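Note sheet for the following structure.
The values are calculated or read from the model by the stated rules, or taken from the named source; none is laboratory data. What you are looking at is a predicted structure, and each value in this text was computed from that prediction instead of being measured. Positions of Cβ are backbone-derived with ideal geometry, glycine not excepted, and every protein chain shown enters the neighbour counts.
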Amino acid sequence: MQLHSEAISDGSTIELTYCEPQCGGSNVSPDLTWSGAPEGTKSYAVTCFDPDAPTGSGWWHWIAFDIATAQTSLSAGQGPDAAMRQWRNDYGYVGYGGPCPPPGPAHRYVFTVHALDVEKLDVPDEATSAACRFTLLSHAIDSASFTATFGLDD
């Protein structure tokens, strides 16, 4: 699989537009386009993860799933809609939550598209974010990622 964004390229520094307001950004989710899904793909999921967050377990910025196979892109700023489900990020709200690390070295942000072997994930509304990610990853048959950085000292 391949994953691409016009807004954020692999190895680039993320622009403020895509960052949280408390860091001076507009919290717009980036555009994403993917291709090359394997046979057996029945839906897609998209995640954004910061492995450098000082939590001991990273920080989840975006969890979107139940994206139909006919859809192979998300436009910039695409929010919750009937075409997909989005889960609570580690900020505590549903949808995309952009970068806003504490002062210090830049953090890495890993954007990933996952090809899933089910059309819909069976995630109850009361499930934790960890349970949602567990269910998502247990159905992943392929994925593609790119990594960009952002830091308040950039």
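For the stretch 60-86, filtered to residues that are hydrophobic (A, V, I, L, M, F, W, C) and either within 10 Å of CYS48 (Cα to Cα) or in contact (Cβ under 8 Å) with a residue 60 or more places away in the chain (or both), the residue that is surrounded by the fewest Cβ atoms within 10 Å (Cβ to Cβ) is ALA76. Against the conditions (1) out of contact with any Ser or Thr (no Cβ under 9 Å at 6 or more places or on another chain); (2) at pLDDT 95 or above; (3) not aromatic (Phe, Trp, Tyr), PRO99 satisfies every one except (1).
Scanning the stretch 124-154 for residues that are modelled with pLDDT under 95 and not in a helix (DSSP H, G or I) turns up PRO124, ASP125, GLU126, ALA127, THR128, GLY151, LEU152, ASP153, ASP154.
Among the residues of the stretch 87-104, none qualifies, meaning not one is assigned to a strand (DSSP E or B), under 13 Å from the mean Cα position of the chain (by Cα) and within 20 Å of LYS42 (Cα to Cα).
I need the full set of residues from the stretch 107-123 which are crowded, with 17+ Cβ neighbours inside 10 Å, in contact with a strand residue (DSSP E or B) (Cβ under 6 Å, 6 or more places away or on another chain) and of a type in the set (A, V, I, L, M), in order please. Answer for the stretch 107-123, where residues must be crowded, with 17+ Cβ neighbours inside 10 Å, in contact with a strand residue (DSSP E or B) (Cβ under 6 Å, 6 or more places away or on another chain) and of a type in the set (A, V, I, L, M): VAL113, ALA115, LEU116, LEU121. Of all residues in the stretch 28-38, none satisfies being surrounded by 15 or more Cβ atoms within 10 Å (Cβ to Cβ), of a type in the set (A, V, I, L, M, F, W, C) and modelled with pLDDT under 95. For GLY104, the requirement of being surrounded by fewer than 13 Cβ atoms within 10 Å (Cβ to Cβ) and modelled with pLDDT under 95 is met. Residues that are in contact with a helix residue (DSSP H, G or I) (Cβ under 9 Å, 6 or more places away or on another chain) and modelled with pLDDT of 95 or more within the stretch 64-87 comprise just one, PHE65. Does any residue of the stretch 87-94 turn out to be surrounded by fewer than 21 Cβ atoms within 10 Å (Cβ to Cβ), in contact with a strand residue (DSSP E or B) (Cβ under 8 Å, 6 or more places away or on another chain), within 19 Å of SER143 (Cα to Cα) and of a type in the set (D, E, K, R)? Within the stretch 87-94, not a single residue is surrounded by fewer than 21 Cβ atoms within 10 Å (Cβ to Cβ), in contact with a strand residue (DSSP E or B) (Cβ under 8 Å, 6 or more places away or on another chain), within 19 Å of SER143 (Cα to Cα) and of a type in the set (D, E, K, R).
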